[in-house]
Amino acid sequence: MNTDKIKKLFISTLYLSTFTFGGGYVIITLLKKKFVDELHWIDEEEILDLVAIAQSSPGPIAVNGSIVIGYKIAGIPGIISATLGAIIPPFVILSVVSLFYQAFKTNFVIQALLAGMKSGVGAVIISVVYDMACGVAGTRDFVLIGIMVLGFIANYCLHINVIYIILAVATVGAVRTAIHEATRKRVHA
């Protein structure tokens with residue numbers, strides 16, 4: 001067990017969680033920048049898979065993302081380290097905010113600050129969507145590109161519940177993997 005890697009994982013997720021405002025989708029880009037671009041612990045394709053797992057699992061995306069990345073990097077100790085790093089900052093911040101909620105609720109400066117943060121969060125979410133779409137398009141796999149486009153149309157245009165889309169896509173993925181494995185076994189037999 002590499003304790004230096006586990007410490008670095010904890011400090012990284014703690015730092016990202018402390019300075020990430022706006023929900024789980026914002027942290028996805030930051031996780032990618034930290035663990036793919038900077039530390040090179042995970043490759044570009046793996047991060048897309050890990051994000052897909054985090055998004056389709058129940059619970060907050062930031063915590064789910066930390067769990068799957070922690071597991072990928074260091075197994076169970078990585079899960080514990082990354083999860084603690086991800087949940088400590090919001091726990092502390094929300095505890096402090098709850099103590100002063102009445103003062104924050106009526107403070108003009110705080111309200112203006114929060115309104116400005118919403119705009120920044122919107123830009124970061126657009127960046128996440130763009131990066132993920134480019135990652136899928138970069139595979140040049142027409143099935144994956146088709147799933148992405150159909151998933152968008154199903155949710156945005158047809159207002160189909162995301163749960164049904166996730167179940168349908170998971171089914172397509174399972175069938176596609178089964179066919180791929182059967183073909184691979186026939187070739188190697």
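The values are calculated or read from the model by the stated rules, or taken from the named source; none is laboratory data. These figures come from a predicted structure and were not determined experimentally. Every residue, glycine among them, receives a Cβ derived from its backbone with ideal geometry; neighbour counts consider all protein chains shown. Each accessible area value is taken on the protein alone, full model and side chains, heavy atoms only, with ligands, DNA and RNA left out. Shrake-Rupley method; radii C 1.70, N 1.55, O 1.52, S 1.80 Å.
Cross-link pairs exceeding 30 Å in C-alpha to C-alpha distance, out of Lys32/Lys105; Lys32/Lys118; Lys7/Lys118, comprise Lys32/Lys105; Lys7/Lys118.
When a 1.4 Å probe is rolled over the protein heavy atoms, the share of accessible surface on the stretch 31-163 that falls to carbon and sulfur comes to 73 percent. Rolled with a 1.4 Å probe across the full set of protein chains, the surface gives Thr171 an accessible area near 80 Å².
Expressed as a rounded percentage, what relative contact order does the chain have, with Cα pairs under 8 Å and six or more residues apart? Reported as a whole number, the value is 22 percent. About its Cα centre, the dipole of the stretch 9-104 is roughly 360 debye, where the only charges are +1 on Lys and Arg Cβ and -1 on Asp and Glu Cβ. Accessible-area rank, largest first, for Leu99, Leu31: Leu99, Leu31, with all protein chains present and a 1.4 angstrom probe. Extents of the stretch 91-189, taken as max minus min of Cα coordinates on every principal axis and listed largest first, are 70, 27, 25 Å. For Tyr156, Tyr101, the ranking by accessible surface with the largest value first comes to Tyr156, Tyr101, using a 1.4 Å probe. Basic side chains Lys and Arg get +1 at the Cβ, acidic Asp and Glu get -1 at the Cβ, and with that the dipole of the stretch 35-178 about its Cα centre reaches some 560 debye. The average projected area of the stretch 1-146, computed from the convex hull of its Cα atoms over all directions, is 9.9 nm².
Dipole size of the stretch 35-84 about its Cα centre, with +1 on Lys/Arg Cβ and -1 on Asp/Glu Cβ: approximately 360 debye, rounded to the nearest 20.
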